[in-house]
Amino acid sequence: MNPLGCHALVWVGDWSERSARYAIESTAQVGYDLIEVPILDPSTVDTAMTRRLLEDNGLGSACSLGLDDTTDVSSEDPAIVAAGRDRLAAAVEAAHDMGAAHLVGVLYSKLGKYPRPITATGRGHVTESMAWLAKQAGDAGLSLSLEVVNRYETNVVNTAADMLTLIDETGANIGAHLDSYHMNIEENGFVEPVQQTAGRLGYLHIGESHRGYLGTGTIDFDALFGAVRDIGYTGPVTFESFSSAVVHPDLSNTLAVWRNLWDDSRNLAETAFAFMAERLARR
């Protein structure tokens, strides 16, 4: 079965040693294979501590991040693009140092709503930066996948088909990172985008339409998991859910997490693990 992952923000909103220990130990105790660690500011992550805790608990890891206004590689401003590349280089180093296998997320633009479409200059900066990033990640032994997110979180790509076009423009070995929450907003359904990325899907986020308990919203998970099984995808399937009671305030505001959809992290994580495992095991 696919490696099952759990996003660290299911457990904690920061990455102090106390929080990291709780998140890593809890993820391993539930039975997950990996934890996704958000590294929005890689300079603040204690990679040696993280690696030690991961190894002590026999847990794999992935790292994710999104950029901001000052590091947006889709900007027309070369100085901002350069700052973005510095941030991405630091992310590659942090992910490598903690022993992560995957670097994923919105690595090609800021994470937030744009007031206008991307410009041709901005698009050029994205493709150049992602080709450069693919080389950095490959040299560090990391699998690189770019996340497809909805129109309120980027103006670069919003569908699986658009992401494949962007990746083709880079000419690099980059995977597509799909997310059921975003697919529910932008795609025609849940089968087509999975089929479109067959052989190129590198990472999969599983989240409900309201980001709460799986199976309590509007997403057709039977169709989604059926398509995942049909294409023979063997990569990570990671549960992602946010609550205003747990998520870091800055990220909570960026993602518009205004409601507390749950307050029992352990029950949420256990329920999600069983939900995903059962559907992946169907024949």
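Bear in mind that the values in this text are calculations on the coordinates, not laboratory data. Predicted, not measured: the structure shown is a model, and the values here were computed from it. Here the Cβ is made from the backbone with ideal geometry for all residues, glycine too, and neighbour counts use every protein chain on show.
Points worth noting:
- The magnitude of the dipole of the chain, with charges of +1 and -1 set on the Cβ of Lys/Arg and Asp/Glu and taken from the Cα centre, is near 300 debye.
- Cβ-Cβ FRET estimate between residue 57 and residue 139, R0 fixed at 30 Å, reported to 0.05: 0.60
- If you take all other residues with their beta carbon under 14 Å from the beta carbon of residue 116, and give Lys and Arg +1 and Asp and Glu -1, the sum is +2.
- Per-residue extension of 0.36 nm, minus the Cα-Cα distance of residue 165 and residue 256, leaves a gain of 29.9 nm for this segment.
- Extension gain, residue 77-residue 277: 0.36 nm per intervening residue step, less the Cα-Cα distance, totals 67.5 nm.
- Relative to one another, the C-alpha centroids of region 252-269 and region 171-225 are positioned 20 Å apart.
- Residue 169 sits among other residues whose Cβ lies under 12 Å from its own Cβ, and their net charge, with Lys and Arg +1 and Asp and Glu -1, is -2.
- Ordering of 184-191, 20-27, 111-118, 169-176 by packing [mean C-beta count within 10 Å, highest first]: 20-27, 169-176, 184-191, 111-118
- Once the C-beta distance of residue 18 and residue 120 is scaled by a Förster radius of 51 Å, the resulting FRET efficiency is 0.60 to the nearest 0.05.
- Projected area averaged over orientations for region 19-108, convex hull of C-alpha atoms, nm²: 5.5 nm²
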